[in-house]
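Each remark here refers to the structure printed beneath this line.
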Amino acid sequence: MGILNNIRVLDFGRYIAGPFCGALLGDLGADVIRIEKVDGSEDRYMTPVNPGHPDGEVGSTFLQLNRNKRGMTLNPKKPGAEVIKRKLIESADVVLANMPQSGLKDIGIDYLSLIEIKPNIILASSTAFGAAGPFADRVGFDGVAQAMSGNLHMTGNAEEPMRNFHPYVDFTTGALNTIAILSAIIHRRETGEGQEVQGALLASALTVAGGTLIEQAVTNVNRVASGNRGQTAAPSDTFKTRDGWVLVSAIGQPLFERWANLMGEENWLTDPRFGDDASRGEHGDELCERMQSWTSTRTTAEVLDALDRARIPCGEVLSPQQALHHPQVDAMNYLDDIEYPGVEGTYPLPRIPIEFSRIQRQKAQRPPLLSEHTDEILGELGFSEDEIAGFREKRIV
């Protein structure tokens, strides 16, 4: 996949939002250089899949989000590092980082510093709270944005706020920053101008929560969490079967009609309590109780088969282990088997979640070992072997 073959990205990202953006650009063919601390950045070691390995631990998220990248180490604040940083920036099209503006300035990759070196550079930054406002310089993670967007209030139950287990805000921000970078690249090709593009975790979380926020602003409904049960349609919930759990969502009149017919409750089609999604949501307890009584006498396979034949959306609640080996996951050919030094066997790497009809997808390259490509990259920038050895001795790289 070579759409971005002539684009070089300096990835100063950490944790998820920045590295995921860099991974997507690498999937599209960009030369992405992941720049880590000399001893390795924090996200390299989080949730290790090979704890205590003598050749170095590596974390599961790092293995996912640093595919298709070359890796080098650099301490940009170390005396003597400026010449390396300047040549890297001169060679790059995009600089990618997720940190507050003060952090960018601290290591000299804020937009004003970058354009002094390369006027048409593209800087893509993402922060927790955006570049303006009283929280502009605060740090934050995915869960903080979930909390401040209303998601924790609406997830779980009314007595205990609960975050989503998977960090959807981080991944959303990384994907949106990828769109911004691609837009900036197109703009530069048309005008010659670089620019700064900015994302924020809180902005991403507010985007996902947009419908709920609009409803609250207009209607003052003041919803609270209701577990897995839907509030604006029914039946929409998780239901226990004889041997597991399923999630069922009957949203909209056609689906409700098919569901009522399947349940043998045709009389509910003229019941004013169930006349539309909103009223069905208000009376969801009765509809979900009916659904639960039906699923409790059937196996998961029987439930899924009957609902599928009725064309009602449903899905089995799977553990991560079950998801790995589900026949639909296998059929999608979405998980590439990747080897990484020090990790036993192979690991399943989720590839770019898009299908192209004209662009050929290449199997992902494994993430880099710590400092694996430092000498190679510095050599490309024109530094001699002796100079590189000197940088290492001073722990600049």
message: Going through Val169, Val95, Val83 one at a time, which residue ends up being without any contact (Cβ under 8 Å) to a residue 12 or more places away in the chain, assigned by TED's automatic domain parsing to the domain that holds Phe383 and among the β-branched types (Val, Ile, Thr)?
response: Val83
- request: Six or more apart or on different chains, Cβ under 8 Å: which pairs go from a residue in the stretch 325-338 that's more than 18 Å from Gln64 (Cβ to Cβ) to one that's in a loop (DSSP other than H, G, I, E, B)? Could you list them?
  value: His326/Leu318
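In the set Ile359, Ile377, Ile388, which member is touching a strand residue (DSSP E or B) at 6+ places or on another chain (Cβ under 6 Å) and either outside the structural domain of Asp243 (by TED's automatic domain parsing) or within 30 Å of Phe239 (Cα to Cα) (or both)?
Ile377
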- prompt: Does the stretch 256-276 include one or more residues that are under 22 Å from Ala306 (Cα atoms) and not assigned by TED's automatic domain parsing to the domain that holds Leu307?
  reply: no
- request: Scan the stretch 14-41 for residues that are buried (at least 21 other Cβ atoms within 10 Å of the Cβ), farther than 16 Å from Ile377 by Cβ and in contact with a Ser or Thr (Cβ under 7 Å, 6 or more places away or on another chain) and jot them down.
  value: Ile16, Ala17, Gly18, Cys21, Leu24, Leu25
Residue ID - nearest to Gln198 (Cα to Cα), chosen from residues in the stretch 53-103 that are in contact with a Ser or Thr (Cβ under 7 Å, 6 or more places away or on another chain) and modelled with pLDDT of 95 or more: Ala97
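Which of the following residues is outside the structural domain of Gly103 (by TED's automatic domain parsing) and either out of contact with any Pro (no Cβ under 8 Å at 6 or more places or on another chain) or within 20 Å of Thr178 (Cα to Cα) (or both): Gly2, Gly13? Spell out how you get there, then give the answer.
Details: Gly13 fails: outside the structural domain of Gly103 (by TED's automatic domain parsing).
Answer to the selection: Gly2.
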statement: Residue count, the stretch 119-134, condition within 15 Å of Ala184 (Cα to Cα) and part of a loop (DSSP other than H, G, I, E, B), comes to 3
- prompt: What number of residues within the stretch 161-198 are among the charged types (D, E, K, R) and either under 11 Å from the mean Cα position of the chain (by Cα) or within 16 Å of Gln146 (Cβ to Cβ) (or both)?
  reply: 2
task: Just give me the residues in the stretch 1-40 being part of a helix (DSSP H, G or I), farther than 19 Å from Asn120 by Cα and of a type outside the set (Asp, Glu), in sequence order.
output: Ala17, Gly18, Pro19, Phe20, Cys21, Gly22, Ala23, Leu24, Gly26
message: Criterion first (buried (at least 16 other Cβ atoms within 10 Å of the Cβ), touching a residue at least 60 places away in the same chain (Cβ under 8 Å) and either in contact with a Lys or Arg (Cβ under 8 Å, 6 or more places away or on another chain) or part of a helix (DSSP H, G or I) (or both)) does Ala234 satisfy it?
response: no
query: Only one residue in Met99, Met72 is surrounded by fewer than 24 Cβ atoms within 10 Å (Cβ to Cβ) and assigned to a strand (DSSP E or B). Which one?
result: Met72
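How many of the residues in the stretch 149-160 are surrounded by fewer than 20 Cβ atoms within 10 Å (Cβ to Cβ) and not in a loop (DSSP other than H, G, I, E, B)?
6
The values are calculated or read from the model by the stated rules, or taken from the named source; none is laboratory data. Quick caveat: nothing in here was measured; it's all calculated off a predicted structure. Cβ atoms come from the backbone with ideal geometry, glycine included; neighbour counts cover every protein chain shown.
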